[in-house]
Amino acid sequence: MDQTRVAIVGATGYTGAELLRLLLGHRHVEVTLLSAREKLVPRVGDALPHLRGVCALPVEPFDPDRVAAAADVAFCALPHGASAGCVRALRQRGVTVLDLSADLRLRDPEEHRRWYGHDEAPELRSEAVYGLPELHREALRQAKLVAVPGCYPTASALPLLPLLHGALVRTDDVVVHALSGVSGAGRSPSASTHFSETAEGVRPYKVAGVHRHTPELEQILSFVAGARVMVTFTPTLVPMTRGILATVYLRPTGEVTAEALVASARRYYEASPSVVVLDPGALPDTLWVRGTNRALVSYAVDARSGRVLAFGALDNLVKGAAGQAVQCMNLLRGYDEAEGLGGAALFP
């Protein structure tokens, strides 16, 4: 099978580093170029010490002509607002692009401007395929531009998709409480992610409908439900490096059991190499997915309150970002969807 030449733009952040770790172990990929906005070094190991002796590529300034000459596929792991211009330049040169920023995730340009205050590449929005393989697998096989989903929407949506698809829960009462590790804030230091500020505390942030992942999650859920789904979303920072655990509270549309919910989810995810639906009574743990592209999904029914509880756990840097992007690349390049994404979680 043909090799794919790959460039990583934004290679020295947490997501870029995770992309490089995964792609170096991919049988059909040759990483040919690394670029970044800072930490420009003669060997990537000087910026990412865990790669010393593993990869000797330099980290270069972004040059779209250099990328187009060196790569068939580019992963853009830049912050929102900074990514769209690079994506445009690469698409103009015929490079297939997987964008891990939020710049192209929302379909409605007005909605994007409302939440982000800018729209750097509106002409690309209609071309971009939303990169949730469990939802858009066939469209991804033909894609040339992929908007890779956010970590919170992925963790929160995966346990919900089968329930909405089967009309097993109501669409007017969806409450999501998601716990995330600190790496979700990126590598740039800040007071809110300083060790002394996070190591012994747990804090909600950007609550009451102001977190930018809220419209993305509602977009996914509304697409599946075929009706507007509004979500009450509460993100919470917890003192760990990796992982997201989403707990979703729902109202069923009729009589339902945990066993029926599990059976529905297993049918829905039968073709997915990444989603594992746990047995009734089992609950997920972020430790069980650390360093992997797997997502754990489970369900419980609270007979006393009449609520369904849906749980999703994943590694925010892998299935929540870099691993999901590689999964999308596998589909669009015709590889096995799970190529380069195997292996057990790190334990302990």
* Structure fact -> Subset of the stretch 17-31, residues crowded, with 19+ Cβ neighbours inside 10 Å and in contact with a strand residue (DSSP E or B) (Cβ under 7 Å, 6 or more places away or on another chain), comes to 19, 20, 23, 29, 31
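Conditions tested, residue by residue: (1) of a type in the set (Asp, Glu); (2) within 21 Å of residue 131 (Cα to Cα).
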position	(1), (2)
262	no, no
265	no, yes
268	no, yes
276	no, yes
281	no, no
296	no, yes
302	yes, no
306	no, no
309	no, no
* Could you count how many residues in the stretch 180-203 are surrounded by 13 or more Cβ atoms within 10 Å (Cβ to Cβ) and not β-branched (Val, Ile, Thr)? -> 8
* Report the residue count in the stretch 279-318 for those that are small (Gly, Ala, Ser), open to solvent by 10 Å² or more (accessible area, probe 1.4 Å), touching a strand residue (DSSP E or B) at 6+ places or on another chain (Cβ under 8 Å) and at pLDDT 95 or above. => 2
* **Which numbered condition residue 197 misses (of (1) farther than 20 Å from residue 309 by Cα; (2) free of Cβ contacts under 8 Å to residues at least 60 places away in the same chain; (3) part of a helix (DSSP H, G or I); (4) in contact with a Ser or Thr (Cβ under 8 Å, 6 or more places away or on another chain))** => (4)
* Asked: Looking at residue 177, is it touching a residue at least 12 places away in the same chain (Cβ under 8 Å) and either in a loop (DSSP other than H, G, I, E, B) or buried (at least 19 other Cβ atoms within 10 Å of the Cβ) (or both)?
  -> no
* **Candidates 236, 241, filtered to the one that is surrounded by fewer than 21 Cβ atoms within 10 Å (Cβ to Cβ), in contact with a helix residue (DSSP H, G or I) (Cβ under 9 Å, 6 or more places away or on another chain) and outside any helix (DSSP H, G or I)** => 241
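The values are calculated or read from the model by the stated rules, or taken from the named source; none is laboratory data. Only a predicted model underlies this, so the values are computations on that prediction, with no experimental measurement involved. Because the Cβ atoms are built from the backbone with ideal geometry, glycine has one as well, and the counts that use them run over all protein chains shown. Quick note on the areas: whole protein, heavy atoms, side chains included, nothing else; ligands and nucleic acids left out. Shrake-Rupley method; radii C 1.70, N 1.55, O 1.52, S 1.80 Å.
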